[in-house]
1. Do we have V146 as modelled with pLDDT of 65 or more, surrounded by 15 or more Cβ atoms within 10 Å (Cβ to Cβ) and touching an Asp or Glu at 6+ places or on another chain (Cβ under 8 Å) here?
2. Identify all residues within segment 93-145 that are among the hydroxyl-bearing types (S, T, Y) and within 20 Å of E71 (Cα to Cα); write none if there are none.
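The values are calculated or read from the model by the stated rules, or taken from the named source; none is laboratory data. Predicted model, so just to flag it, every value in this text is computed and none were measured. Neighbour counts are summed over all protein chains in view; Cβ atoms, including those assigned to glycine, are modelled from backbone coordinates with ideal geometry.
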Amino acid sequence: MHRDAWPPRPAFRLAGLGLFFSLVPPGQSMEVTVPTTFNAINGTDARLPCTFNSCYTVNYKQFSLNWTYQECSNCSEEMFLQFRMKVINLRLERFRDRVEFSGNPSKYDASVTLRKVQVEDEGLYNCYIMNPPDRHRGHGKIYLQVLMEEPPKRDSTVAVIVGASVGGFLAVVILVLVVVKCVRRKKEQKLSTDDLKTEEDGKTEGEGNADDGANF
C-alpha cells in the first residue's frame, strides 16, 4: 500500500472486530472483506483492497469479477473493471487509464489500484465476485475519502497490542467457523443435486409404467 494511502485508524482498533465478524455473516453469500472507509491523499496511488473467502478453489474459466463506482449511495453504478478469464479495463471516462488490477484471484484477492487519486474520485466502490460452483455472489462496498493532507500521527502502541491479541483469537475462531460453513454448504448443494436426480428418476419410472399399461 502506498505510504500516503491508508485505511482509517480508530482508537484501539476495536473497529476491526466488525471486519472480522463480517467474514461469517448469517446468510449463505460468499464472504467478501473490504474496509468500510478508505482514506487516500490527493495525488497519490490508492490500492482498494477486496479479498474473498470461498469454499472452492478459483477456476479462471468460471470466476467473474465486477468493480463499479457510485458518486453517492442513491446514484447509479458505473462499471469500470471486469475479470472474465482476463482483466477487462473498461476505461471509464472518469478514470481513463488510472485504474489497474492489482489482485490475484487464485489467492482470493480482487483488489484494484487507482493511480493519482483526485478529489473527484471520492465516492463508493463496489466489488462483486462470483466463484462457481459456489452459487452465491459476494459483494463488498468501500467509501473512498480523498484528503488534501495527511492527518497528524498518533501513538498507537497500545492499539497495536490490543488489536493483535484480539485479532489473533478471532482469526482462529473464524477459521473454524469458515471450515464448518464450507462443509455444510457442500453437503447442502450435494443433497439438492441428489434430490433433483431422484425426482427425475421418479418421473422416468412413472412414464415407463404408463407405457407398459397402455401396451397391456
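1. Numbers: modelled with pLDDT of 65 or more: yes; surrounded by 15 or more Cβ atoms within 10 Å (Cβ to Cβ): yes; touching an Asp or Glu at 6+ places or on another chain (Cβ under 8 Å): yes.
When the stated conditions are applied, V146 passes them.
2. Restricting attention to segment 93-145, the residues satisfying the condition of being among the hydroxyl-bearing types (S, T, Y) are 102, 106, 108, 111, 113, 125, 128, 143.
Listed by number, the residues that qualify are S111, T113, Y125, Y128, Y143.
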